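Asker: Let me give you the structure first, and then I'll get to my questions.
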Amino acid sequence: MEFENFPQTEPLRDGRSVIVREMTISDESRMVEFFQGLPLEDRLFLRNDVSQPEVVHHFVRDTEDQVLNLVAELDGKIVASATLERGLYGWTRHVGEVRLVVARPWQRCGLAKVLLRHLVRAAPTAGIEIIKGQVAGGKVGAQKALEAMGFRKEATLRRHVKDVAGRKRDLLILTNDVSHIWEKMEALNADFSPTQGE
Ligand SMILES: CC(C)(COP(=O)(O)OP(=O)(O)OC[C@H]1O[C@@H](n2cnc3c(N)ncnc32)[C@H](O)[C@@H]1OP(=O)(O)O)[C@@H](O)C(=O)NCCC(=O)NCCS
């Protein structure tokens with residue numbers, strides 16, 4: 001699939017800059033370091049225990065469901081990870097799921113917004129019309145972050161999350177309908193169709 005050209009330098013609002021690029025297999029040890037540096041509560045929402053090197057080994061290789069897997073780095077150190085995934089087959093194949101994690105010292109600088117913008121731009125190329133994000137109930141910051149980026153609460157799955165203390169919490173599903181972007185792309189393609197007007 002054709003996406004934007006990476007790497008791109010992205011200035012943040014606190015004056016720092018990061019390089020945003022696609023993750024590659026050679027990032028394995030950097031990803032292990034990044035994930036192990038996250039507080040447990042920030043990585044529990046991920047599907048797998050990425051503090052385990054063997055899990056990261058598969059994460060950097062099993063890319064079949066990944067539409068786009070971005071990292072933000074500075075001086076060779078990864079400071080954020082952003083993934084857009086979706087199943088290739090089935091009735092929800094137009095629904096993508098976003099997973100965003102920003103290292104604590106880099107939070108609240110607009111980095112999640114920057115990364116999400118790139119993922120949203122990639123969605124239409126992959127035929128994704130709805131992007132979904134998951135947040136544990138009570139994680140007000142993460143919920144607010146997704147809402148600030150255009151997501152709306154879609155559903156609550158009761159007691160679906162076990163937090164760091166083993167307490168059960170609700171799982172909030174937030175969605176962002178990006179089909180208007182997709183429709184615009186379709187219209188553009190129709191406009192530029194070489195057979196149009198014949
Ligand atoms: C959620 C997360 C990715 C946000 O990353 P971030 O880089 O700090 O987010 P941004 O700086 O781009 O913030 C975007 C907007 O979200 C809101 N926001 C972000 N963090 C917030 C917080 N802790 N409290 C309230 N609002 C918050 C703000 O409106 C912010 O915009 P503003 O700062 O211009 O007002 C980060 O907190 C994180 O990694 N959390 C752990 C993982 C997680 O829960 N991910 C769930 C999403 S898939």
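FYI, it's all coordinate maths here, none of it is from the lab. Since the model is a prediction, treat every value here as computed from it, not as a measurement. All Cβ positions, even for glycine, are placed from backbone atoms using ideal geometry, and neighbour counts span all protein chains on display.
Asker: Roughly how tilted is helix 111-122, in degrees to the nearest 10 and between 0 and 90, from the longest Cα axis of the chain?
Answerer: For 111-122 against the chain, the angle is about 30 degrees.
Asker: Between rounded, prolate and oblate, where does the range 1-86 land on the alpha carbon gyration tensor, with a ≥ b ≥ c its root eigenvalues, rounded for a/c under 1.5, else prolate if a/b exceeds b/c?
Answerer: Because a/c hits 1.5 or more and a/b fails to exceed b/c, the range 1-86 counts as oblate.
Asker: Only bridges whose two residues both fall in the range 1-146 count here: according to DSSP, what percent of them are antiparallel, nearest 5? Display every interim value, and only then the final one.
Answerer: Details: 22 of 25 bridges.
Rounded to the nearest five, the antiparallel share is 90 percent.
Asker: Taking only Cα atoms and a 10 Å spring cutoff, compute GNM fluctuations for the chain and point out the largest among 161, 101, 71.
Answerer: Largest GNM mean-square fluctuation: 161.
Asker: Mind checking which lysines have their C-alpha under 18 Å from residue 162, skipping anything on the same chain fewer than 8 residues away?
Answerer: Qualifying lysines at Cα under 18 Å: 139.
Asker: Would you mind getting me the FRET efficiency between residue 29 and residue 4? Use the beta-carbon distance for r and R0 = 22 Å, nearest 0.05.
Answerer: So, using R0 = 22 Å, E works out to roughly 0.25.
Asker: Where does the chain land at 222 nm, in deg cm²/dmol rounded to the nearest 500, when only DSSP H runs of n ≥ 4 count, each adding -39500 (n - 2.57), divided by all residues? Kindly include the intermediate steps, with their values, before the conclusion.
Answerer: Numbers: 6 runs with 54 residues, N = 198.
Roughly -7500 deg cm²/dmol at 222 nm, from the helical runs in the chain.
Asker: Between the alpha-carbon centers of the range 84-153 and the range 41-57, tell me the distance in whole angstrom.
Answerer: 18 Å
Asker: Mind telling me which of 154, 85, 97 comes out most flexible in a GNM of the chain, alpha-carbon contacts under 10 Å?
Answerer: For the chain, modelled as a Gaussian network with Cα springs under 10 Å, the answer is 154.
Asker: Let me ask something else. When a/c reaches 1.5 or more, the comparison of a/b and b/c decides; with that in mind, is the range 1-50 rounded, prolate or oblate per its Cα gyration tensor?
Answerer: On the way: a/c = 2.07, a/b = 1.36, b/c = 1.52.
It comes out oblate by the Cα gyration axes.
Asker: Something else about it: By per-residue mean of other Cβ atoms within 10 Å, what is the highest-first order of 73-83, 127-137? It would help to have the intermediate numbers written out before the result.
Answerer: Working: 73-83: 17.6, 127-137: 20.3.
Highest mean packing first, the order is 127-137, 73-83.
Asker: Let me ask another. What would the Debye formula give as log10 I(q)/I(0) at q = 0.19, 0.23, 0.27 Å⁻¹ for the alpha-carbon point model of the range 75-150, no solvent?
Answerer: Evaluating at q = 0.19, 0.23, 0.27 Å⁻¹ gives log10 I(q)/I(0) of -0.84, -1.11, -1.33.
Asker: Can you compute the modelled spin-label distance between residue 16 and residue 173, with each label point 7 Å from Cα toward Cβ, in nm?
Answerer: 3.5 nm
Asker: Additional query: Would you calculate the convex hull of the Cα atoms in the range 8-191 and tell me its volume per residue in Å³? Can you show the working numbers first?
Answerer: Numbers: hull volume 24.4 nm³, N = 184.
In the range 8-191, the Cα hull volume divided by residue count equals 132 Å³.
Asker: Here's a follow-up. On a 0 to 90° scale, report how tilted helix 179-191 is relative to the longest principal axis of the chain, with both axes built from alpha carbons and the result rounded to the nearest 10.
Answerer: Roughly 30 degrees between the two axes.
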